[in-house]
1. Take the chain, compute every pairwise Cα distance, and split them into 10 Å bins from 0; I just need the percent in each bin.
2. Please list the equivalent ellipsoid semi-axes of the range 1-58, computed as the square roots of five times the alpha-carbon gyration tensor eigenvalues, in descending order and whole angstrom.
3. All other residues with a Cβ under 13 Å from the Cβ of P411 taken together, and with Lys, Arg as +1 and Asp, Glu as -1, what is their net charge?
4. Expected output is a single nm value to one decimal: the length gained when fully extending between V443 and L9, i.e. 0.36 nm times separation in residues minus the C-alpha distance. What is it?
5. Given axes a ≥ b ≥ c from the Cα gyration tensor, I'd like to know whether the range 290-429 is rounded (a/c under 1.5), prolate (a/b larger than b/c) or oblate.
6. On the protein heavy atoms, probe 1.4 angstrom, tell me the percent of accessible surface of the chain carried by carbon and sulfur.
7. Convex hull over the Cα atoms of the range 68-162, averaged projected area in nm²?
8. Which of S46, S219, S262 moves the most in a Gaussian network model of the chain with Cα springs under 10 Å?
Amino acid sequence: MRFVTTRGLRQAAGVSFHSALVEGLAPDGGLYMPERIEPWSAEELSRLPTRTLTEIAYRALRPYTRGELDATTHEAVVVEALNFPIPLVEVEPGIFALELFHGPTLAFKDVGARTMARLMASLDTGDDPLTVLAATSGDTGSAVAHAFHGVPHTRVVVLYPEGRVSPTQEAQLTMFNSEDGNVRAYAVAGSFDDCHRLTREVFGDAGLRRRVRLTSANSVNIGRLLPQMVYYFHAVAQVAEVGRVRLTPPSSSPGITVCTPSGNFGNLTAGLMARRAGLPIKRFVAATNVNDVVPQYLATGRFSPRPSVPTIANAMDVGNPSNFERMSWLYSGDLEAMRCDIAGSRHDDNEVLAAIKRVCDERGYLLDPHSAIAYLGLKASLASNGEIGIFLATAHPAKFGEIVEPAIGRPADIPAPLAEALAQPRHILRMPASLDAVVGALVA
């Protein structure tokens with residue numbers, strides 16, 4: 001499989017998976033995409049309910065590593081990376097939460113980051129160290145830090161907006177900051193958009209990239225994005241397993257709607273790719289907070305990036321989502337085709353807080369702010385005709401205790417990994433939002 005850039009010709013020769021993984025961004029500034037998305041056969045889809053998570057992951061990712069990673073190593077990568085459950089929970093009749101927060105940092109980013117780290121360790125075996133640079137609006141940084149901590153021949157630099165992540169997120173981000181470790185997380189005096197701009201400027205600096213081997217761990221990196229396809233297949237497998245949908249044609253089962261809480265839109269892009277591979281999802285809902293650049297595009301046809309606005313769903317505070325470029329590439333810029341598959345949904349902080357309280361009171365299920373947006377988007381989209389709906393629960397509610405607990409009027413249970421992070425000494429490294437400061441950290 002070759003990988004082509006979103007800013008080049010589709011028939012271009014492309015690069016290997018290893019090259020795309022290590023380069024992160026393409027030399028022309030575009031994002032790598034596989035030259036084709038290999039379809040699943042009807043027989044493979046019909047067997048989904050009998051497959052384990054790691055078996056599904058092996059099949060979903062194998063087309064993209066074949067020829068570069070032997071089958072045994074590929075299997076070991078997914079088994080080691082995905083060593084935690086991803087359960088589907090029925091919150092109310094016909095509405096399911098796919099709980100993506102049972103990994104070590106209690107957020108969906110663990111799926112992509114852990115798989116990417118192990119792919120890099122398996123493919124990039126040279127002695128020249130690789131520096132992993134990531135900007136984070138919340139959960140990406142801690143997942144990347146945890147995934148790469150102690151991985152030989154790598155070091156990690158994470159940029160996060162000072163004062164715009166939750167206290168628990170900052171505790172997870174900074175727990176590996178030490179003089180002898182391979183991970184550094186820096187609190188940048190600015191917004192996530194500033195952090196993201198700085199990473200783009202770094203990757204665009206050809207002279208710096210000759211001095212330092214750099215790759216990205218954000219969802220702009222195809223190695224982070226591809227593993228996120230896995231849990232869409234796993235979600236549909238679990239719905240089929242309990243008899244709520246049929247995966248064998250002809251099927252009279254109602255369609256499945258999936259709502260993805262969206263910030264930089266890598267998560268939704270992975271879902272669209274899973275659908276292109278044959279996964280029977282009727283439509284997607286792109287649910288955002290007030291940073292609703294993509295829902296506005298779907299409504300008006302105009303893509304107008306703007307400075308992000310801080311909200312209580314801070315991981316989605318993105319005013320210029322990078323992966324929109326991939327979405328547009330998938331649809332060849334055809335707005336009407338995109339509208340056929342994706343609906344937009346926008347929700348403000350007051351709606352989010354009300355939903356957290358209501359669902360807790362009425363259903364006994366606790367949502368974090370991002371998952372609450374996904375729940376709201378799904379509820380707004382589902383027709384009353386027996387359709388099945390899945391929303392992605394992307395973070396454990398205890399990570400946002402300062403928001404969730406006042407909403408429900410009681411403490412949230414704190415899982416052991418989070419309690420451990422909160423107990424660690426806080427080593428906060430600060431830097432200005434300047435390219436010189438980032439370069440200094442990279443060459444130090």
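The values are calculated or read from the model by the stated rules, or taken from the named source; none is laboratory data. Here the structure is a predicted model, which means the values were calculated and not measured. Every residue, glycine among them, receives a Cβ derived from its backbone with ideal geometry; neighbour counts consider all protein chains shown. Each accessible area value is taken on the protein alone, full model and side chains, heavy atoms only, with ligands, DNA and RNA left out. Shrake-Rupley method; radii C 1.70, N 1.55, O 1.52, S 1.80 Å.
1. Binned Cα distances yield the sequence 4, 22, 34, 28, 10, 1, 0.
2. Three semi-axes, in Å: 30, 13, 8.
3. On the way: positive: R410; negative: E402, E405, D413.
Once positives and negatives cancel, what remains is -2.
4. On the way: separation 434, 0.36 × 434 = 156.24 nm, distance 3.44 nm.
Separation in residues times 0.36 nm, less the Cα-Cα distance, equals 152.8 nm.
5. oblate
6. Carbon with sulfur: 51 percent of the solvent-accessible area.
7. Answer in nm², one decimal: 8.0.
8. Most flexible of the set in this elastic network: S46.
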